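The values are calculated or read from the model by the stated rules, or taken from the named source; none is laboratory data. For clarity, every value in this text was computed on a predicted model and none was experimentally measured. Methodologically, a virtual Cβ is constructed for each residue, glycine included, from the backbone with ideal geometry; neighbour enumeration extends over all protein chains shown. In case anyone asks, the SASA skips ligands and DNA or RNA and just uses the protein heavy atoms, side chains included. Shrake-Rupley method; radii C 1.70, N 1.55, O 1.52, S 1.80 Å.
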Amino acid sequence: MRTYIKNIYFRTFKALKYGTRDPFWLLMYVFSRFFVVRQVFKKLSPKPDLVKFKFQDSIFAELDIEEAVNSLNKDGYFGGLQLPIEILNELLVFGKSALTYGNGNLKNGFIYADKKKAEKMVGQYFSFGSFFNLDEDLPLVRKLGSDPKLMIIAAKYFESEPVHCSTRMWWNFATEHDNFDVVNTSSFYHYDKDDFSCLRVFFYLTDVDSQSGPHVCILGSHREKNLAQILSLKERSDQEMSDIYGEKRFLTVMGIAGSGFIEDPFCFHKGTRPKDKDRLILTLCFAASRYKVLNSRANRRFLKKLVIS
Ligand SMILES: O=C(O)CCC(=O)C(=O)O
């Protein structure tokens, strides 16, 4: 019950906060949940210029564009991306050396290796650690966000010009404690409304098995939702999802460090609590428009590093 109320509060608060900053975002947030509206939006959008993307320059040599687009249309999901080792290493070095902010609190900045000391100092367990301002602090993000094959996939899927609108990286920390933050780690089934047309590209930067917080996606659920699922703010239980979609459509995504997948965030999906290994993950969001509110930025004046002795 507490999770239920926290989740409704969290979503209502987010809608009001973002909506006052960007009314177009609010319109999108309200109407994009309807599949038919998203389809109309697609059909009415100006068509993309694909020629300008030089797919030969992509870092994903093996990535088959048509296969990805077909799979996204059918399942809302495509697996099988792999980062080149040098890019993975650079991202890992960043993830372990840059400040991550415990439970997303701007005052809780610490380096990964200091997590235990940071928790002790603040007097709370951290379920996750967020990074901010990646577009400025990690130039590699721009290279990934403008990768020609990813752009072509997004353009074909959206049937319009895509933009790389935000990037997030975060740690999910392994814990057995009951106070794991289910809501802020998105560890309950939900779908996200980034835009009328949108995709998220995820990369695991650490090995992810069943015990280290795999992502779960319900295949094909981007096209198929009942009215209650479309309209309510309530989190959806595992039982409800399995009654409606059947276990066969649940995909638990495991993979080695550097592996990646593309997801339409209108698919029901969730994170899971890592039990014995921390998970570091990177997500690039692509959309048909750029909203003022979806950029994972934090004002640097408010970012504070914990002074750990
Ligand atoms: O952590 C995960 O695997 C899920 C993330 C998620 O649900 C989201 O980004 O909306």
**Asked** Does the stretch 94-110 hold any residues that are assigned to a helix (DSSP H, G or I) and open to solvent by 10 Å² or more (accessible area, probe 1.4 Å), and which are they?
**Response** F94, K96, S97
**Item:** Set G104, G109, G79, G95: member being of a type in the set (G, A, S) and on the phi > 0 side of the Ramachandran plot
**Value:** G104
**Single match in L91, L81 (criterion: assigned to a helix (DSSP H, G or I) and under 18 Å from the mean Cα position of the chain (by Cα))** = L91
**Complete:** Out of (1) open to solvent by less than 40 Å² (accessible area, probe 1.4 Å); (2) within 12 Å of the ligand (Cβ to nearest atom); (3) in a loop (DSSP other than H, G, I, E, B), the one R273 does not meet is (1)
**Asked** Looking at (1) in a loop (DSSP other than H, G, I, E, B); (2) closer than 18 Å to P214 by Cα; (3) open to solvent by 70 Å² or more (accessible area, probe 1.4 Å), can you tell me which one A257 breaks?
**Response** (3)
**Request:** Check the stretch 278-286 and report whether any residue there is within 16 Å of the ligand (Cβ to nearest atom), at negative phi and of a type in the set (S, T, Y).
**Result:** yes
**Long-range neighbours under 9 Å by Cβ, at least six apart or interchain, first residue assigned to a helix (DSSP H, G or I) within the stretch 22-38, second surrounded by fewer than 16 Cβ atoms within 10 Å (Cβ to Cβ) and of a type in the set (S, T, N, Q)** = L26/T20
**Prompt:** Would the stretch 218-231 turn up any residue that is in a strand (DSSP E or B) and open to solvent by 10 Å² or more (accessible area, probe 1.4 Å)?
**Reply:** no
**Asked** In the list F250, F286, which residue meets the criterion of being more than 15 Å from T206 (Cβ to Cβ), open to solvent by 10 Å² or more (accessible area, probe 1.4 Å) and touching a Leu at 6+ places or on another chain (Cβ under 9 Å)?
**Response** F250
